[in-house]
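Engineer: Got a structure for you, written out below as structure tokens; questions coming shortly.
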Amino acid sequence: MRELIDADRLPGQPHCTPEGLAAARRGPVPPADLAIPARPQISVLAGARDCPQGVIAYLSWADVHTGVICWLYAREDPPALRVLIGHALGALAHCPQIEAFVAAPPGPLGPGGLPRAHRGATHDALLRSGFTGRLQGSYLYCALPAELPPAKLCADVVPCDFPPGQRLIVRRGAEPVAEAVISVGPDHTATVYWIETLPTHRHRGLGHELLGQALALLAEQGATEVALVVDERPPTNDDSQAAPRLFDSFGFTLVDELWTYRCRHPRAPRSAAFSPGVGQRP
């Protein structure tokens, strides 16, 4: 199963580990207003000699009739993808709406959305199964040089519980005006989960100083690769180009666009939903 997941790994993503799969089986943290936890399922499509041909993870909440396809891997094989998606649609038939590849931070089980260019067969299989897709964001990657220039220390660094890592906070007096959240993962990979400056303090170089300190800190902790996701936002003013210019100045490059999907009133094909060879792991 881990080989299936790693076959579609993007630059900057760590390899899938047993711990990562164990966390996936526990499911995501449910929204605060949901009292009943999610029921995750991981289903494996077996081929000849019981070799895994594909794997899909999906879930629903007992008190909210929305299903979620969390991740799906089948080495971009269209027949296997169709069977797995049909199987999930059948299992989530009680949900009037099903989402797939919804927003999530980059991790060992995926970059947070479906990489449209790298996973074209999966994209097509979702559309042919009744899903509609939309652009969610962009996955950027940067290889850290062996030696980074000294960074200006502009932020306080404190531990962060979720996601596990560190939060860098820039203050003016007692007021936080900019912050970033970073984490180092396996395989010397790292993630910038968040970086933001208050509108009243933009265009003063704070973002550049903050990201410079964040990358220097990641390098000190052994990271050699960094990934981040930029959310898709409608261009409203000059600030819409500030983030791309900032990341470009540090050597980040676009790897792929990330898409998310939704299917209303799904109807799973009977032959796909009940295909033999798909085993479940609750």
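The values are calculated or read from the model by the stated rules, or taken from the named source; none is laboratory data. Nothing here was measured: the structure is a model prediction, and the numbers come from that model. FYI the Cβ positions are ideal-geometry reconstructions off the backbone, even for glycines, and counts take in every protein chain you see.
Engineer: Please determine, by comparing only the residues of the stretch 73-103 that are closer than 18 Å to ASP6 by Cα and part of a loop (DSSP other than H, G, I, E, B), which one is farthest from the chain's Cα centre (by Cα).
Structural biologist: ASP77
Engineer: Tell me which residues, restricted to the stretch 171-192, are touching a residue at least 24 places away in the same chain (Cβ under 8 Å), surrounded by 18 or more Cβ atoms within 10 Å (Cβ to Cβ) and in contact with a Pro (Cβ under 8 Å, 6 or more places away or on another chain).
Structural biologist: Across the stretch 171-192, the qualifying residues are GLY185, THR189, THR191.
Engineer: Just one of LEU168, LEU114 is at pLDDT 95 or above, crowded, with 17+ Cβ neighbours inside 10 Å, of a type in the set (A, V, I, L, M, F, W, C) and outside the structural domain of GLY47 (by TED's automatic domain parsing); which is it?
Structural biologist: On the way: LEU114 fails: outside the structural domain of GLY47 (by TED's automatic domain parsing).
None of the other options fit; the residue is LEU168.
Engineer: Looking at the stretch 39-57, which of the residues that are in contact with a Leu (Cβ under 8 Å, 6 or more places away or on another chain) and under 11 Å from ALA74 (Cα atoms) is surrounded by the most Cβ atoms within 10 Å (Cβ to Cβ)?
Structural biologist: That would be GLY54.
Engineer: Right, next: Anything in the stretch 194-207 that is buried (at least 17 other Cβ atoms within 10 Å of the Cβ) and of a type in the set (Ser, Thr, Tyr)? List them, or say none.
Structural biologist: THR197
Engineer: How about the stretch 157-175: which of its residues are among the β-branched types (Val, Ile, Thr) and over 26 Å from the mean Cα position of the chain (by Cα)? Talk me through it step by step, then tell me what you get.
Structural biologist: To start, the set of residues in the stretch 157-175 that are among the β-branched types (Val, Ile, Thr) comprises 157-158, 169-170.
Result: VAL170, single match.
Engineer: Listed residues PRO244, PRO282; which is at pLDDT below 90 and more than 30 Å from ALA146 (Cα to Cα)?
Structural biologist: Every option except PRO282 fails the conditions.
Engineer: Does GLY120 satisfy the condition of being surrounded by fewer than 18 Cβ atoms within 10 Å (Cβ to Cβ) and not assigned by TED's automatic domain parsing to the domain that holds ARG233?
Structural biologist: yes
Engineer: Considering only residues that are farther than 30 Å from ALA117 by Cα and surrounded by 15 or more Cβ atoms within 10 Å (Cβ to Cβ), which ones fall in the stretch 132-156?
Structural biologist: Answer for the stretch 132-156, where residues must be farther than 30 Å from ALA117 by Cα and surrounded by 15 or more Cβ atoms within 10 Å (Cβ to Cβ): LEU148, ALA151, CYS154, ALA155.
Engineer: Let me ask something else. When you go through LEU84, LEU59 one by one, which is the residue that is hydrophobic (A, V, I, L, M, F, W, C) and in contact (Cβ under 8 Å) with a residue 60 or more places away in the chain?
Structural biologist: Details: LEU59 fails: in contact (Cβ under 8 Å) with a residue 60 or more places away in the chain.
Answer to the selection: LEU84.
Engineer: Within the stretch 216-230, count every residue that is surrounded by 21 or more Cβ atoms within 10 Å (Cβ to Cβ) and either under 20 Å from the mean Cα position of the chain (by Cα) or of a type in the set (Ser, Thr, Tyr) (or both).
Structural biologist: 6
Engineer: For HIS208, state whether it is modelled with pLDDT under 95 and touching an Asp or Glu at 6+ places or on another chain (Cβ under 9 Å).
Structural biologist: When the stated conditions are applied, HIS208 does not pass them.
Engineer: Is it true that ALA151 is out of contact with any Leu (no Cβ under 8 Å at 6 or more places or on another chain), on the phi < 0 side of the Ramachandran plot and not assigned by TED's automatic domain parsing to the domain that holds LEU114? First the steps, then the outcome.
Structural biologist: Values: out of contact with any Leu (no Cβ under 8 Å at 6 or more places or on another chain): no; on the phi < 0 side of the Ramachandran plot: yes; not assigned by TED's automatic domain parsing to the domain that holds LEU114: yes.
Answer is no for this residue.
Engineer: Please verify whether the stretch 114-121 includes one or more residues that are over 14 Å from ILE5 (Cα atoms), part of a loop (DSSP other than H, G, I, E, B) and within 21 Å of the chain's Cα centre (by Cα).
Structural biologist: Checked against the condition, which is being over 14 Å from ILE5 (Cα atoms), part of a loop (DSSP other than H, G, I, E, B) and within 21 Å of the chain's Cα centre (by Cα), the stretch 114-121 yields at least one hit.
Engineer: Here's something else I'd like to know. Test LEU210 against the criterion of being crowded, with 20+ Cβ neighbours inside 10 Å, outside the structural domain of HIS15 (by TED's automatic domain parsing) and part of a helix (DSSP H, G or I), and give yes or no. Show your work before the answer.
Structural biologist: Working: crowded, with 20+ Cβ neighbours inside 10 Å: yes; outside the structural domain of HIS15 (by TED's automatic domain parsing): yes; part of a helix (DSSP H, G or I): yes.
The answer is yes for LEU210.
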